[in-house]
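Readers should treat all values here as calculations from the given coordinates under stated rules, not as data from a laboratory. Being a predicted model, the structure only gives us computed values, none of them experimental. FYI the Cβ positions are ideal-geometry reconstructions off the backbone, even for glycines, and counts take in every protein chain you see.
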Amino acid sequence: MLSDDTQKGLANIVQGILIEGQTDYLTAARNFLCRRFSTSTKVEKNFEQQSAIKKEQAKCLADFSAQQHLWLTEFPNEENYLTEGGEAKIYLANDNRSVIKVNDAVYYNTWLDFFNSVLIHNLLFEETAYKLQGFVLMNDCLFAVLKQPFIIFDSPTDLSDVKYYLEHNGFINIRRNDYYNTELGLILEDMHDENVLVSSNKLFFIDTVFYIHLP
């Protein structure tokens with residue numbers, strides 16, 4: 001079950017409350033946007049309607065990057081390229097113990113939705129927590145560069161184990177590989193066997209997509 005501190009942290013994110021006492025860039029970027037924009041509380045994947053807000057948030061993040069010296073001059077070395085999904089290109093980091101994910105937040109209506117999702121992931125799955133390295137621009141498109149521990153799986157993922165783990169923590173299976181936590185107002189999507197890996201008989205959630213959806 002989730003600890004009281006974790007539930008309180010999740011509630012703050014869901015309610016759009018500033019997160020105090022944290023000095024990491026990921027939280028700082030989220031708070032920066034939170035001071036200027038409202039947190040979405042309904043899942044409405046209307047990307048065209050929200051595109052103006054997303055562009056405005058991207059401009060804010062450009063200012064934030066300049067203030068915090070977070071502009072990166074180039075993508076990771078192509079020799080370290082591993083794979084890519086719908087929203088991120090993934091590279092092996094130079095330490096060979098982490099991966100670098102270059103993400104354009106395409107699955108989210110806004111950048112604030114994206115950062116909320118990543119911070120929710122970090123609260124729930126600390127062993128695969130993300131760290132914000134900075135931002136890059138390519139073809140006038142903003143990308144967040146995130147670092148995450150590299151998990152090497154050693155056995156296939158049993159989705160019934162994933163379901164048991166999530167339901168034990170309040171996430172009920174609503175369809176296929178999607179889950180909903182009524183108490184927290186969180187949707188977790190696409191928990192298939194490529195997004196949850198098994199290593200030493202332990203589940204590692206490496207790629208999650210959270211949406212806030214309050215009743």
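Brief remarks on what is shown
- For region 60-106 and region 148-213, distance of Cα centres in Å: 23
- The slack in the chain from Leu72 to Glu84, taken as 0.36 nm per residue of separation less the alpha-carbon distance, amounts to 2.3 nm.
- Relative contact order for region 21-149, counting Cα pairs under 8 Å that sit 6 or more residues apart, in percent: 28
- Those trypsin sites (Lys or Arg not before Pro) in region 77-175 that DSSP places in a loop and that have at most 12 other beta carbons within 10 Å: Arg97
- Given charges at beta-carbon only (K, R positive; D, E negative), |dipole| of region 85-131 in Debye: 140
- Magnitude of the charge dipole, the chain, Cβ model with Lys/Arg +1 and Asp/Glu -1, debye to 20: 600
- Qualifying GluC sites (Glu not before Pro) in region 107-215, DSSP loop, other Cβ atoms within 10 Å at most 13: Glu183, Glu194
- Kyte-Doolittle mean at least -1.0, axial Cα span of 18 Å or more - DSSP H helices of the chain: 47-68, 111-124
- Loop GluC sites (Glu not before Pro), region 64-94 (other Cβ atoms within 10 Å of the site Cβ: 10 or fewer; DSSP): Glu74
- Charge dipole magnitude, Cβ of K and R +1, D and E -1 - region 21-149, Cα centre, debye nearest 20: 420
- Stretching the chain fully between Lys147 and Gln15 yields a gain of 44.9 nm (0.36 nm per residue, less the alpha carbon separation).
- Mean separation of Cα pairs under 8 Å and 6 or more residues apart, divided by the residue count, gives the chain a relative contact order of 20 percent.
- Extreme residue, positive dipole direction of region 55-132, given options Tyr81, Leu61, Leu124 (C-beta unit charges): Leu61
- Options Gly21, Phe210, Ile152, ranked by Cα towards positive dipole end of the chain, top entry (Cβ charges): Gly21
- Applying a threshold of 22 Å to the alpha-carbon distances of Lys8/Lys42; Lys101/Lys131; Lys42/Lys163 flags Lys42/Lys163 as lying beyond it.
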